[in-house]
Amino acid sequence: MTGIALAYTFAALVPTLDAANAILPIYVTACLYFGGFVITFDKIPDGWEWYSYTVFLRYAWTALMVNEF
């Protein structure tokens, strides 16, 4: 459901479908970096710590890690 909401949001914000198809993967990749998948939370640069709290993947990843480990 989150993916569908993101797709609709980007489709509404940009003028063409091609632009939305180009921007959405860039945003999701940034979310992967700052959500804890690629860069651990303690290694995120100091100026970018605030961004990790806005990423929806952070909370899902943290809940999964707490549940499993």
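The values are calculated or read from the model by the stated rules, or taken from the named source; none is laboratory data. From a predicted model like this one, the values you see are computed outputs, not experimental measurements. Glycine also receives a Cβ, built like all others from the backbone with ideal geometry; neighbour counts cover every protein chain displayed.
Quick notes on this structure:
- Look at segment 24-42: where a residue is within 21 Å of ALA11 (Cα to Cα) and a partner is modelled with pLDDT of 90 or more and aromatic (Phe, Trp, Tyr), sitting 6+ places away or on another chain with Cβ atoms under 6 Å, you get LEU24/PHE10.
Here is a yes/no grid of residues against (1) modelled with pLDDT of 90 or more; (2) touching a helix residue (DSSP H, G or I) at 6+ places or on another chain (Cβ under 9 Å); (3) at positive phi:
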site: GLY3; (1), (2), (3): no, yes, no
site: ALA19; (1), (2), (3): yes, yes, no
site: GLY35; (1), (2), (3): no, yes, no
site: THR54; (1), (2), (3): yes, yes, no
site: ALA63; (1), (2), (3): yes, no, no
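- Comparison of THR9, THR29, THR40 shows that the only residue that is surrounded by fewer than 15 Cβ atoms within 10 Å (Cβ to Cβ), modelled with pLDDT under 90 and among the polar types (S, T, N, Q) is THR40.
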